[in-house]
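Encoded as structure tokens, the structure appears first; notes follow it.
The values are calculated or read from the model by the stated rules, or taken from the named source; none is laboratory data. Predicted, not measured: the structure shown is a model, and the values here were computed from it. For neighbour counting, all protein chains shown are included, and Cβ atoms are generated from backbone atoms with ideal geometry for every residue, glycine included.
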Amino acid sequence: MTEPDPPASAPASARQRLSDAATVSSYRLGALAAKLMPGPVAAATAASLGLGASFFNPAKRAMIERHLQRVNPKLRGASLRVAAQQSFDSYAHYYMESFRLPSLSKRTVARNFTVDGFEHITDALALGNGCIFALPHLGGWEWAGRWMTDQGYPLTVVVEALEPPELFQWFADLRKELGMTVV
């Protein structure tokens with residue numbers, strides 16, 4: 001006779017708690033290091049981290065390659081490997097830039113951010129009902145949020161729940177530090 005599965009609310013195993021703590025600590029340490037690095041060093045570090053993440057995560061690399069082939073079935077061989085590596089590199093740069101963002105001045109953010117069509121947003125806000133942005137994951141959306149809050153606009157963001165919950169809370173705190181309200 002087999003024992004039933006533990007209920008969903010069962011406490012995490014010691015191994016899982018350790019893994020969760022290591023994950024959250026890695027993000028915290030990475031964010032601290034990113035804030036302390038000069039920009040060019042951060043960019044070079046992100047490139048190295050993208051390469052390392054790709055090498056040490058063959059299952060994720062295979063998943064990315066499958067997804068890329070769904071989008072472009074002609075991707076094969078070296079071109080598929082390059083495209084997959086670019087995905088890892090892009091995420092490494094995204095994280096590096098996001099982690100550095102709270103330490104940047106308003107002036108630095110404004111200098112590195114361009115806005116086209118902002119009048120559409122101000123026109124919508126002038127109607128008095130707020131404005132909903134739908135942003136794809138095509139880069140550091142936190143930059144747009146930070147820029148908006150720097151301009152004095154309140155911003156509420158709906159974000160994906162992450163596991164472990166402590167990681168979700170850490171990212172929520174990061175976004176709160178940028179002036180956003182997280183739901």
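Yes or no, residue by residue, for (1) of a type in the set (D, E); (2) within 17 Å of the chain's Cα centre (by Cα); (3) at pLDDT below 95:
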residue: T23; (1), (2), (3): no, yes, yes
residue: A33; (1), (2), (3): no, yes, no
residue: L36; (1), (2), (3): no, no, no
residue: F55; (1), (2), (3): no, no, no
residue: R66; (1), (2), (3): no, no, no
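If you go through the stretch 144-171 and keep only what is surrounded by 13 or more Cβ atoms within 10 Å (Cβ to Cβ) and aliphatic (A, V, I, L, M), you end up with A144, M148, L155, V157, V159, L162, L167.
Touching a residue at least 60 places away in the same chain (Cβ under 8 Å), surrounded by 15 or more Cβ atoms within 10 Å (Cβ to Cβ), small (G, A, S) and not assigned by TED's automatic domain parsing to the domain that holds F171: which single residue out of S87, S98 fits that description?
On the way: S87 fails: touching a residue at least 60 places away in the same chain (Cβ under 8 Å).
After applying the criteria, what remains is S98.
For P73, the criteria (1) out of contact with any Leu (no Cβ under 9 Å at 6 or more places or on another chain); (2) in a helix (DSSP H, G or I) hold in every case but one, which is (2).
When you go through L49, L32 one by one, which is the residue that is crowded, with 17+ Cβ neighbours inside 10 Å and either of a type outside the set (S, T, Y) or assigned by TED's automatic domain parsing to the domain that holds L138 (or both)?
Values: L32 fails: crowded, with 17+ Cβ neighbours inside 10 Å.
Checking each option against the conditions leaves just L49.
Residue-level check: of (1) within 16 Å of P40 (Cα to Cα); (2) outside the structural domain of A33 (by TED's automatic domain parsing); (3) surrounded by 14 or more Cβ atoms within 10 Å (Cβ to Cβ), A92 misses just (2). Within the stretch 50-74, residues that are without any contact (Cβ under 8 Å) to a residue 40 or more places away in the chain sit with their Cβ atoms under 9 Å from residues that are assigned to a helix (DSSP H, G or I) and among the β-branched types (V, I, T), at 6+ positions apart or across chains, in these pairs: S54/I64.
Out of R81, R100, one residue alone is closer than 26 Å to N112 by Cβ, at pLDDT 95 or above, of a type in the set (D, E, K, R) and in a helix (DSSP H, G or I). It is R100.
A59: loosely packed, with under 11 Cβ neighbours inside 10 Å, part of a helix (DSSP H, G or I) and at pLDDT 95 or above, yes or no? Yes; evaluated as a whole, the condition is true for this residue. Against the list (1) in contact with a Leu (Cβ under 7 Å, 6 or more places away or on another chain); (2) over 23 Å from V24 (Cβ atoms); (3) in contact (Cβ under 8 Å) with a residue 24 or more places away in the chain, the condition L80 fails is (3). For a quick check of your reading of the model, give me the residue pairs whose first member lies in the stretch 102-127 and is under 30 Å from K35 (Cα atoms), whose second is part of a loop (DSSP other than H, G, I, E, B), with beta-carbon atoms closer than 7 Å and at least 6 apart or on different chains. That search, which allows pairs on different chains as well, returns P102/L178. I'm told L75 meets every condition in (1) under 24 Å from R175 (Cα atoms); (2) surrounded by 12 or more Cβ atoms within 10 Å (Cβ to Cβ) except one. Can you identify the failing condition by its number? Tallying (1) under 24 Å from R175 (Cα atoms); (2) surrounded by 12 or more Cβ atoms within 10 Å (Cβ to Cβ), L75 fails exactly one: (1).
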